[in-house]
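Here's the structure we're looking at; comments come further down.
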Amino acid sequence: MGYDKIPRQKLPLRQKTKEWREQCVEAFIDLSNSGIGHANRKDDIKILYDYYNGVIDEADYNYVLKPYGKSRKNFPSEMRNYPIIKPIIDLLLGEKSKRPLNYTVTVQNADSISAKEQAKTQAIFQNLQQHFLQSVQNQGMDMGVDPEQEVQLPQHIAEMFENSYVDNRAVLGQQALNYIMQDQEVYDKIQKSWFHYLVSGEVYTHRGVRNGEPFYDVLNPIDVDYDLDPDLEFVEDGDWALVRKYVHPSTVIDHYYESLTEQQVLELEEPRHHENDIGFLYANNAKKDANSYRNRLVEVTNVYWKSRKRIGFLSYMDQDTGAIEEVEVDESFRMPQEMKLAGAKLQWLWVNEVWEGTRIDGRFYINMNAIANQRISLDNPSKCKLPINGRRYSDVNSANISLVKLGIPYQLNYNIYKYRLELAIARSKDIIAQFDINMIPKKWDMDKFMYYVEGTGIAWVDYNKEGIQLNPQHQSVLDMSIKTINQYVTLLESILVEWEKISGVSRQRQGEIGAYEGKASSQQAIVQSSHITEDLFRKFERLEQRDFQALLDYSKEAWHTGKKTMYILPDGTTDFLDIDSIDHMESNYGIFVSDAGKDQEKLTNIKGLTQAMMQNGAKPSVIAGMLDSDSFSQIKKNLKSAEKAQAELEAAQQQAQQEQSQQQLEAAQMQQEAEGLEREKDRQKDIEIALINAESKKDQEGHSLNLEKMVRDFELKNRELDIKEQDLSERARSSQNQEDINREANQVKREDSIIKADTARQNANKRN
């Protein structure tokens, strides 16, 4: 059956009857069943997983084990699997788990730029207002402004906005995606998807809304089929996709109990037979039990396809504002006569719409309708996406391939030559001496003869046996060693080297460093190896970006009434999600996923600098934050915060040093003043003694020495010195108090800088 059998999709909703919907489901199922290579696709995919798990199909080795159609029996070796594919896959799985997963939510609404400019203008205005208030307060008027508060320059505010401004809607979108990633265990599911991608070369996911929450499921590649358009890169952009599974009747009832009738539930007790379809699920052994088991399974096929619907765009004039308004209406809308008279216009268009339908056991049809959660573009109502997404490794103009499939020829040859090596070792008997049996001395048996040969290295012979004609020259040596053993070892090594080149995973990358390899050459080999596999990672990360975008889009519908919850971040901290339904619904989110390969390289390089940073005085908290970071952007933000805090601390320390120097200078000056005051007081004492002596002479000699004026000057000088002493003492106490205040203020500044740095680092971790 081909595309020509698919029912017409450009139909009004009233013509999309129950029969039409069932015909659509059957048409896409038949299209899948009749696809090129469909009959062998599931078996081919299962073989790839068998090779990863080391399961041998002896049919692959018939030309070795059964040459000319004859089986080799009782051979001293056995065909075994010696895994060379699995270690490579496991290493890439481990590398994926260590690669940074840095995703950033942006807002692509038309008003995002104007919102940024408005916020910047407001911040600059507030900054200028702060400058004005501080200048007025400096002139002596109390404006309630902290005089110690540093006010940045307006140009610094503008620069900050250009470098670090984030739209509030983008912040909420980031928090929403962070919550979904934790709630749906997306990190673990990504590892599972990566495993499928490496083994089968195919990866498929299912995104949507379930029970009022976004969900994210990883699908088995065996179960999925879709529109194999040669130009289609991602499944979600195709015309159709389906998921076919075989499950127990109880599982069917668990998932679809609300849609099944009582009679349908009863009929599920005896499901139809599907041995031809699902035999691949079971091992060849225990066929009787397997057959009875799979006869109990029920086929469930979910089909998704793009149909058409008719929508209208109604343009009319608002009676209150006089502005022209435009709204979207469905095909059931009929324009009222009064709107026609008022000049309203209605334009009809046909757009795409995603439908779904489920067939159970090949006979029951349920959930046949347009999906409730349509992912459409705000700019293009016809651009919609399927809930199933995925991609293949490389199927452009050729059959798809995977890393495991590339390794199968090397695994086969490796096993074969390991088998031949084991056979050669079993056949190898080393060098053997040949003796004529008649040379054994009389009355000796074979055991005694071999005892002396092995114990002494001497073969005792008897040339005098009666009636025996012996020729001593009949002794010879037989070389039964296999010379090809070393050749097999060399050949096995060459197979490994070739497989490592094809896979892009070198010995050095696996941690095997040669005895004579330098650090530089080993590092070069690792870098070259990573270049080969980088495209593999890059293609998969583009799928991740698509899935993250889908989860965020589906959250709009899931949380149309808002969302408030607490959730735990990967670092163990908690965050609170508070989503406003209107802002969330109207936000046109975009997802940016950084180049994880480059991020990993930068992350490794900068973490390698931690030792040097510690030797240069970096704080342990900064080093610990770097080592705990999973992204380069997070480290960069942490370092910026640390640098800012360090700059503030250094500024505070410099200010403290300046204040200390000023205090020391003032103290020295006061010390000089104190010493001068002491000298003046000493002179006053000398004057006082002289006055006393003069007064004594006046009494004795009876003449005046004009002492009254001298006494008055002396008293005035004493009062002046007292005032100076009091002033000096007051200044000393004030200086000490100011020193204590400055010390406490600087301590507060240092603590505040540390708190700000820690807070900034935590915020950066939450954003990442």
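The values are calculated or read from the model by the stated rules, or taken from the named source; none is laboratory data. All values derive from a computational prediction rather than experimental measurement. Using ideal geometry, Cβ is built from the backbone for each residue, glycine included, and neighbour counts are taken over all protein chains shown.
Looking only at region 34-51, decide whether some residue is over 30 Å from Lys245 (Cα atoms) and free of Cβ contacts under 8 Å to residues at least 60 places away in the same chain.
Filtering region 34-51 for residues over 30 Å from Lys245 (Cα atoms) gives none.
Checking region 34-51: not a single residue is over 30 Å from Lys245 (Cα atoms) and free of Cβ contacts under 8 Å to residues at least 60 places away in the same chain.
Looking at Asp553, is it in contact (Cβ under 8 Å) with a residue 60 or more places away in the chain, touching a Phe, Trp or Tyr at 6+ places or on another chain (Cβ under 8 Å), under 27 Å from Thr205 (Cβ atoms) and in a helix (DSSP H, G or I)?
Values: in contact (Cβ under 8 Å) with a residue 60 or more places away in the chain: yes; touching a Phe, Trp or Tyr at 6+ places or on another chain (Cβ under 8 Å): yes; under 27 Å from Thr205 (Cβ atoms): yes; in a helix (DSSP H, G or I): yes.
So Asp553 fits the description; yes.
With region 228-328 as the region, which helices (runs of 4 or more DSSP H) entirely inside it contain at least 1 residues that are loosely packed, with under 14 Cβ neighbours inside 10 Å and modelled with pLDDT of 90 or more?
On the way: elements: 249-256, 262-267, 275-278, 287-294.
Answer list for region 228-328: 249-256, 262-267.
Tell me, yes or no, whether region 573-581 has at least one residue that is part of a helix (DSSP H, G or I) and either over 12 Å from Leu177 (Cβ atoms) or touching a strand residue (DSSP E or B) at 6+ places or on another chain (Cβ under 6 Å) (or both).
First, pick out the residues of region 573-581 that are part of a helix (DSSP H, G or I): 581.
When the remaining residues are screened for being either over 12 Å from Leu177 (Cβ atoms) or touching a strand residue (DSSP E or B) at 6+ places or on another chain (Cβ under 6 Å) (or both), the result is 581.
Yes - at least one qualifying residue is present in region 573-581.
When you check Pro409 against the structure, is it of a type outside the set (Asp, Glu) and free of Cβ contacts under 8 Å to residues at least 24 places away in the same chain, yes or no? Step through it out loud before you land on a result.
Numbers: of a type outside the set (Asp, Glu): yes; free of Cβ contacts under 8 Å to residues at least 24 places away in the same chain: yes.
Criteria met by Pro409.
One residue is enough: does region 395-408 have a residue meeting the conditions in contact with a Lys or Arg (Cβ under 8 Å, 6 or more places away or on another chain) and modelled with pLDDT of 90 or more?
Step one: list which residues in region 395-408 are in contact with a Lys or Arg (Cβ under 8 Å, 6 or more places away or on another chain), which gives 400.
Imposing the further condition that a residue be modelled with pLDDT of 90 or more reduces the set to none.
No - not one qualifying residue is present in region 395-408.
Check region 503-512 and report whether any residue there is surrounded by fewer than 14 Cβ atoms within 10 Å (Cβ to Cβ), at pLDDT below 80 and in a helix (DSSP H, G or I). Full working, then the answer.
Initially, region 503-512 is screened for residues surrounded by fewer than 14 Cβ atoms within 10 Å (Cβ to Cβ), giving 511-512.
In the following step, the residues that additionally are at pLDDT below 80 were identified as 511-512.
Then keep just the ones that are in a helix (DSSP H, G or I); that gives none.
No; the residues of region 503-512 include none that is surrounded by fewer than 14 Cβ atoms within 10 Å (Cβ to Cβ), at pLDDT below 80 and in a helix (DSSP H, G or I).
Given the criteria out of contact with any helix residue (DSSP H, G or I) (no Cβ under 7 Å at 6 or more places or on another chain), among the β-branched types (Val, Ile, Thr) and at pLDDT 85 or above, does Ile56 qualify?
The answer is yes for Ile56.
Working only within region 329-344, note down all residues that are surrounded by 11 or more Cβ atoms within 10 Å (Cβ to Cβ) and within 51 Å of the chain's Cα centre (by Cα). If you could, list the steps in order and put the result at the bottom.
Going residue by residue through region 329-344, those that are surrounded by 11 or more Cβ atoms within 10 Å (Cβ to Cβ) are 329, 331, 333, 335, 339-340, 342, 344.
Val329, Glu331, Phe333 - these are the residues of region 329-344 that are surrounded by 11 or more Cβ atoms within 10 Å (Cβ to Cβ) and within 51 Å of the chain's Cα centre (by Cα).
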